[in-house]
Amino acid sequence: MYDVAVIGAGIIGTFIARELSRYDLNIVLIEKDTDIGNGTTKANSAIVHAGYDAEPGTLKAKLNFLGNPMFDRVCEELDVPFERIGSLAVATNEEEMKNIQRLYERGLKNGTPDIKILSREEVREKEEGISEEVIGALYAPTAGIVSPFELAVALAENAGDNGVEIKLESKVTNIQRVENGYCISMGEEILEAKYVINCAGVYAGEINEMVATKSFEIYPRRGQYNILDKSAGNIVSHVIFQAPTKLGKGVLVTPTVHGNLLVGPDAEDIDDRENTATTIERIEYIRRVSKKITSKIHFGTTITSFSGLRARPSTGDFIIEESKEAKGFINVGGIESPGLSAAPAIADYTIDILKEIGGGLKKKEGFIASRKPVLRFMELNDGEKAELIKKDGRYGRVICRCENITEGEIVDIINRNAGARTVDAVKRRARPGMGRCQGGFCGPRVMEILARELEKDIKEIVKDSSDSYILTGETKQNKLA
Ligand SMILES: Cc1cc2nc3c(=O)[nH]c(=O)nc-3n(C[C@H](O)[C@H](O)[C@H](O)COP(=O)(O)OP(=O)(O)OC[C@H]3O[C@@H](n4cnc5c(N)ncnc54)[C@H](O)[C@@H]3O)c2cc1C
């Protein structure tokens, strides 16, 4: 019997699993998809919010405030890109300026550090390319940008290094109470755990209802984005939000940690929890509205569009508590924005609940805080590159020409704990396929490497989900030398 089963390997489940692995516990992390972070965690704005937006007194406000400063350390320990570039929420008329003032006051109540209202001129000093219409802004220097899926993968890898068992492609289909805990079914496979932590994102309500009557609902709300190539990455240097209106937070423009430009999201309530399609109408809307921030974006450099589903809770706030009907079963649901920013603090808050209901937890000796650094070949100097190629010739073979990713880097991220198993999993970790050609050149070569390293038939290599096959049969032999 496991001590703790964590259901869902998004940013919340992986953070909890990693932090729990500091303790003397037998832990299993269960995920229905082929990869870590494949739900909402892979498709959001990637912003570590400064914390002025949430209603004071809510868990969202409290955990955003606590979570934001925790990013520097964890991203350094796990070698994940994170930059504190600051944010601007801009206003284009007096009505919006009043909203900016309200945000500022809320930020003061939430304890958001160093926020400041900027005049028209002060905004331009920070952002040259800002629209002429902008008359002022709220500046929050502690806002940052991160790579959410790389962080989730790094947390899972580190949790694995510290003894957490990770089960991918294991959809929880039923949970039953047994003496001293729960019996969790994943189709045919079953396991038992004393405590269960439900981090199932948009499915958290369904998992809760396996053990208790309905106490909350999660409504999916889709947000769509455009991502532009690196030639657009320096159009802005801060995260730039529009002033919130009755219709919501609005579209933002931000650089990404990898030097691209991200524009979005919109907000659309939908019924289907799997519907992450993008639509031409919504993408056009995002492009149109982004002009309020800057007119300098040329959408011809768009490399792709994507969408993510917010897990909007019926309660209006994060739901982080032991189920009233099921002892030892903790719900961590309704983790919509600022869930990523709050994630480190959500993990601590959840573990405190577990400590309380379990009568304390014992720290284990030998916890490994760091993971093996990720070698990014193109960031090395010429001497270091030559040295590395001498040691391992695979670093001399460029597989992705757009992002300059070598075979050595791809092999490394496949062979780690929680390593890549699919073409998209390789893309998210090492970036082949993230460039302009979107995998047109490197895709087949990545498949060959995956097949070789995982000792699989190349026809078994899928794009992302287990049924997203790419090849159906051979036409000719073309093995990587
Ligand atoms: C458009 C958009 C923009 C956002 N922008 C930001 C932002 O800039 N900053 C910020 O702080 N937050 C942002 N958020 C919110 C943030 O993305 C989420 O709070 C966070 O990703 C939630 O993580 P999670 O682990 O709870 O959910 P998920 O990442 O969805 O993880 C849940 C996991 O549970 C798994 N699962 C579900 N059912 C089962 C089952 N039966 N068995 C096994 N596994 C199961 C899923 O496959 C999934 O991997 C945004 C969200 C959206 C949609």
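Which whole-number percent is the relative contact order of the stretch 178-259 (Cα, under 8 Å, 6+ apart)? Don't skip to the end; give the middle numbers.
Details: 65 pairs, mean separation 12.7, N = 82.
RCO, the stretch 178-259: 15 percent.
Is the C-alpha gyration tensor of the chain telling us rounded, prolate or oblate? Criteria: a/c under 1.5 is rounded; beyond that, a/b larger than b/c is prolate, otherwise oblate. Oblate shape, in that a/c is at least 1.5 and b/c is the bigger or equal ratio. Counting charges near A5 (Lys, Arg +1; Asp, Glu -1) among other residues having Cβ under 12 Å from its Cβ returns a value of -2. Judged by a Cβ-Cβ distance under 4.7 Å, the unpaired cysteines of the chain are C75, C183, C199, C402, C437. Under a model in which nothing but the beta-carbon of Lys, Arg (+1) and Asp, Glu (-1) is charged, the chain shows a dipole of about 680 debye around its Cα centre. For the pair K363 and R287, label points projected 7 Å from Cα toward Cβ lie 5.4 nm apart.
Peptide packing for 40-48, 102-110 was compared via the average number of neighbouring C-beta atoms within 10 Å per residue; ordered from the highest value, the list is 40-48, 102-110. Take D348: with every protein chain present and a 1.4 Å probe, its accessible area is about 60 Å². Taking the stretch 1-40 and a reference point 7 angstrom along Cα→Cβ of Q176, the backbone N atoms nearer than 19 Å belong to 1-2, 5. Between E379 and E121, full extension at 0.36 nm per residue minus the direct alpha carbon distance yields a gain of 89.2 nm.
Can you work out the FRET efficiency for the pair K167 and E356, with r the C-beta to C-beta distance and R0 = 30 Å, to the nearest 0.05?
With a Förster radius of 30 Å, E is 0.65.
Just tell me, in residue order, which DSSP H segments of the chain are both 18 angstrom or longer along the helix axis (alpha-carbon based) and at least 0.0 in mean Kyte-Doolittle hydropathy.
On the way: long enough: 94-110 (24 Å, -1.71); 148-161 (19 Å, 0.41); 339-358 (27 Å, 0.66).
Answer set is 148-161, 339-358.
As a calculated quantity, the FRET efficiency between D72 and I270 at R0 = 51 Å, using C-beta atoms, amounts to about 0.90. Return the carbon/sulfur percentage of the accessible area of the chain, one whole number, probe 1.4 Å, all protein chains in place. Roughly 48 percent of what the probe reaches on the chain is carbon or sulfur. Relative protection proxy for 386-393, 167-174, 7-14, from highest mean packing down: 7-14, 167-174, 386-393 (other beta-carbon atoms within 10 angstrom). Placing unit charges on the Cβ atoms only, positive for Lys and Arg and negative for Asp and Glu, gives the stretch 199-334 a dipole magnitude near 740 debye about its Cα centre.
For the stretch 48-190, the Kirkwood hydrodynamic radius comes to 18.4 Å, computed from all pairs of different C-alpha atoms. Take every DSSP beta bridge whose two residues both sit in the chain; close to 75 percent of them are antiparallel. For the chain, the per residue solvent-accessible surface stands at 44 Å², with DNA, RNA and ligands left out and a 1.4 Å probe.
The values are calculated or read from the model by the stated rules, or taken from the named source; none is laboratory data. Note that the coordinates shown come from a computational prediction; the quantities given were computed from them, not determined experimentally. Note that we place each Cβ from the backbone using ideal geometry, even for glycine, and neighbour counts take in every protein chain shown. Side chains are part of the model used for accessible areas, which takes the heavy atoms of the whole protein and leaves out ligands, DNA and RNA. Shrake-Rupley method; radii C 1.70, N 1.55, O 1.52, S 1.80 Å.
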